[in-house]
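Shown next, in structure tokens, is the structure this report addresses.
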Amino acid sequence: MKFYSLGFLLLVLVASSCNDSLKETPAHSNITELTLGNQRFLNNQPIHPHQNKAAVLANEKAQHPFAVVITCSDSRVSPEIVFDQGIGDLFVIRNAGNLITDIDMGSVEYAVEHLKTKLIIVLGHTECGAIKAFVENADTKKLEPKHDHIEDIINTLKKEDEEKQVPRPYKTHLNECIVANIKHSTNQILKNTWIDQKEIQVIPMLYDIHTGRVTRVN
């Protein structure tokens, strides 16, 4: 049998209440929560919400993340940190270049249909290594054999219609290529029939690794 102090139980109740309220919060309020979190991060005044044992217990039976974040595997990009969020708040999907494969799309679909998440963020970042590899090798027919899997990433980027619209040479338009890739992933999500745009927001965003600031991509 487990015994907890009154103070600890109160922490559990508070964390649970916060998560339940976020579950029912409209998407436009959730993007405000992320924006405020990033501002706290920039001001060096994070509150580190839901980063304790109480949050673990509040989420042990079910999760109710208020936002999906598709982002890059880059070690300099950590959604929970840059948005000042915690356990149970964000459903994060990461891979090189924040690309969306069928498996990644299945993860987004799961969050929307089963977890009832109403906000989806596609978060690219400046100085993205995957995009740099693309711009450096966009006109190369084939890389060295040892780079077969990196070539898969480059070839995926080559096929994106949004990238094809970026002026050549790509090497001099790195930032435009990064934004084009963010827009491509956003458009991929919006094409799905299970996305009700009256209920769900899909927002493209850019994280600046030089400043820590997250901005919306237009």
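The values are calculated or read from the model by the stated rules, or taken from the named source; none is laboratory data. Quantities reported herein were computed from a predicted structural model and do not represent experimental measurements. Glycine also receives a Cβ, built like all others from the backbone with ideal geometry; neighbour counts cover every protein chain displayed. For accessibility, only protein heavy atoms count, side chains too; no ligands or nucleic acids. Shrake-Rupley method; radii C 1.70, N 1.55, O 1.52, S 1.80 Å.
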Checklist outcome for this item: If you go through Glu151, Glu109, the only one that is farther than 25 Å from Glu60 by Cα and outside any loop (DSSP other than H, G, I, E, B) is Glu151
Checklist entry - Out of the stretch 71-92, which residues are among the hydrophobic types (A, V, I, L, M, F, W, C) and under 15 Å from Thr126 (Cα atoms)? => result Cys72, Val77, Val82
Checklist outcome for this item: Within the stretch 154-166, the residues that are part of a loop (DSSP other than H, G, I, E, B) and either open to solvent by 90 Å² or more (accessible area, probe 1.4 Å) or hydroxyl-bearing (Ser, Thr, Tyr) (or both) are Lys159, Gln165
Checklist entry - So, in the stretch 37-74, of the ones that are polar (S, T, N, Q) and within 24 Å of Leu190 (Cβ to Cβ), which residue ends up most open to solvent (accessible area, probe 1.4 Å)? => result Ser73
Checklist entry - Got a sec? Which of Ile100, Ile87 is part of a loop (DSSP other than H, G, I, E, B) and more than 13 Å from the chain's Cα centre (by Cα)? => result Ile87
Item to check | Residue list for the stretch 114-129, filter: more than 14 Å from the chain's Cα centre (by Cα) and buried (at least 24 other Cβ atoms within 10 Å of the Cβ) | outcome: Cys128
Checklist entry - Do we find that Asp161 is closer than 23 Å to Asp102 by Cβ, charged (D, E, K, R), at pLDDT below 95 and out of contact with any Cys (no Cβ under 6 Å at 6 or more places or on another chain) in this structure? => result no
Item to check | Residues of the stretch 175-207 classified as of a type in the set (Gly, Ala, Ser) and over 14 Å from the mean Cα position of the chain (by Cα), total | outcome: 1
Next on the checklist: If I filter the stretch 58-72 for residues that are within 25 Å of His173 (Cβ to Cβ), more than 14 Å from the chain's Cα centre (by Cα) and assigned to a helix (DSSP H, G or I), do I get at least one hit?
Outcome noted: no
